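Have a look at the structure below, then the notes.
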Amino acid sequence: MRIGIVGGLDRNARELEELTEAQGHHLETHTGVLTGGSSVASLRALVVRSDLVLVLTDVNSHNAVHLARREARKHHRPLRILRRLGASHLAAFLQAWGASTTGPSAALPSQRWAS
């Protein structure tokens, strides 16, 4: 599964990427900074390529959150809005997602992820 994360701190990206790859997934990140056409285009492309989009609000621009939500809706991508995301939370999320027998098109596991 291809997971896209929008927002958050760059310093966590490598750790999160290693975690997802160890579980057989691919991770792409976007800082949520929208300064110019190329960053807007790259955010849109990330959403289109992703099977699941996680949008972090703690360190993110409001415009990036709105753009990610709009693009996810437009391209029928599951999206979760989270305040922040650490490695342990992502690991638990992936485990819960993997336990789902209905796959990525079904509802995401547990409302606790909508913090």
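General remarks:
- Odd one out for Arg11 among (1) out of contact with any Lys or Arg (no Cβ under 6 Å at 6 or more places or on another chain); (2) of a type in the set (D, E, K, R); (3) modelled with pLDDT of 90 or more: (3)
- Members of the stretch 85-99 found to be closer than 22 Å to Leu9 by Cβ and over 11 Å from the mean Cα position of the chain (by Cα), listed by number: Gly86, Ala87, Ser88, His89, Ala91, Ala92, Phe93, Leu94
- Within the stretch 75-99, residues that are surrounded by 15 or more Cβ atoms within 10 Å (Cβ to Cβ) reach partners that are outside any helix (DSSP H, G or I) and β-branched (Val, Ile, Thr) with beta carbons closer than 6 Å, at six or more positions or on different chains, in the pairs Arg77/Val53; Leu79/Val53; Ile81/Val55.
- Residue pairs meeting the criteria (Cβ under 9 Å; at least 6 apart or on separate chains; first farther than 15 Å from Arg2 by Cβ, in the stretch 33-47; second polar (S, T, N, Q) and part of a helix (DSSP H, G or I)): Val33/Ser39; Leu34/Asn63; Val40/Asn63
- Test: residue in the stretch 70-86 that is over 14 Å from Ile5 (Cβ atoms), modelled with pLDDT of 85 or more and hydrophobic (A, V, I, L, M, F, W, C): no
- Of all residues in the stretch 24-42, those satisfying the criterion of being over 17 Å from Glu71 (Cβ atoms) and either crowded, with 19+ Cβ neighbours inside 10 Å or at pLDDT 90 or above (or both) are Gly24, His25, His26, Leu27.
- Check on Asp51, charged (D, E, K, R), exposed (fewer than 15 other Cβ atoms within 10 Å of the Cβ) and either within 21 Å of Arg14 (Cα to Cα) or touching a residue at least 40 places away in the same chain (Cβ under 8 Å) (or both): no
The values are calculated or read from the model by the stated rules, or taken from the named source; none is laboratory data. All values reported here derive from a predicted model rather than from experimental measurement. Cβ coordinates were reconstructed from backbone atoms using ideal geometry, including for glycine residues, and neighbour counts include every protein chain displayed.
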